[in-house]
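To keep things clear, I will list the structure first and then write my remarks on it.
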Amino acid sequence: MHAKVMTFAAAIVLLAIVALIPTLKFPSAEEVSTFIGPRLWPLCLLVALLVLGSFLLATTWRSSRSEAVNNREESTSDPTNSEASTSTRSRTATHHWWLMLGTVAYTLLMQATGFLLATVVFTLFCTLLLGARHWGTILATVAVAAVLIQGVFSYLLGIPLP
């Protein structure tokens, strides 16, 4: 399992480095007459991708080394712990599929109902999917997400939303 995650993390880091080169050629805010130039957002995403990919690579490598040391010290394993781990992994995988389906539905719903209603439904769905159960927290998350996204796109970036 560690080999797959390390390969994925290395690919992410490599992708970020390769994509960073053409991104640096985009015009900056000084070269165009906008507050935020076309280079800022892709550059921020690529730097975040590079940092997070490197962090994943380092933590996975460290985890695999500590697991190898622990496996040498213990010759037997607890079968009940393995079953619990498998159950958690399958539940998490199911959440990923629901999240991807929700994202597709969000995109389609946005075209039909508009940005605000689709964002409220999508944020509510994701908040419940990720385990929030207190309605005060859920409503606060939905309200903050809708206002924040609307504010960033409409007012800060000047991009009209459907």
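Structural remarks
- Segment 9-38: number of residues that are open to solvent by 60 Å² or more (accessible area, probe 1.4 Å) and over 30 Å from Arg65 (Cα atoms): 11
- When segment 113-133 is limited to residues that are closer than 13 Å to Leu161 by Cα and either without any contact (Cβ under 8 Å) to a residue 12 or more places away in the chain or surrounded by 14 or more Cβ atoms within 10 Å (Cβ to Cβ) (or both), the one that is farthest from the chain's Cα centre (by Cα) turns out to be Thr113.
- The lone criterion from (1) assigned to a helix (DSSP H, G or I); (2) modelled with pLDDT under 90; (3) open to solvent by 70 Å² or more (accessible area, probe 1.4 Å); (4) of a type outside the set (Asp, Glu) left unmet by Met6 is number (3).
The values are calculated or read from the model by the stated rules, or taken from the named source; none is laboratory data. What you see is a predicted model; the values in this text were computed from it and never measured. Note that we place each Cβ from the backbone using ideal geometry, even for glycine, and neighbour counts take in every protein chain shown. We work out accessible area using only protein heavy atoms, side chains counted, and drop any ligands, DNA or RNA first. Shrake-Rupley method; radii C 1.70, N 1.55, O 1.52, S 1.80 Å.
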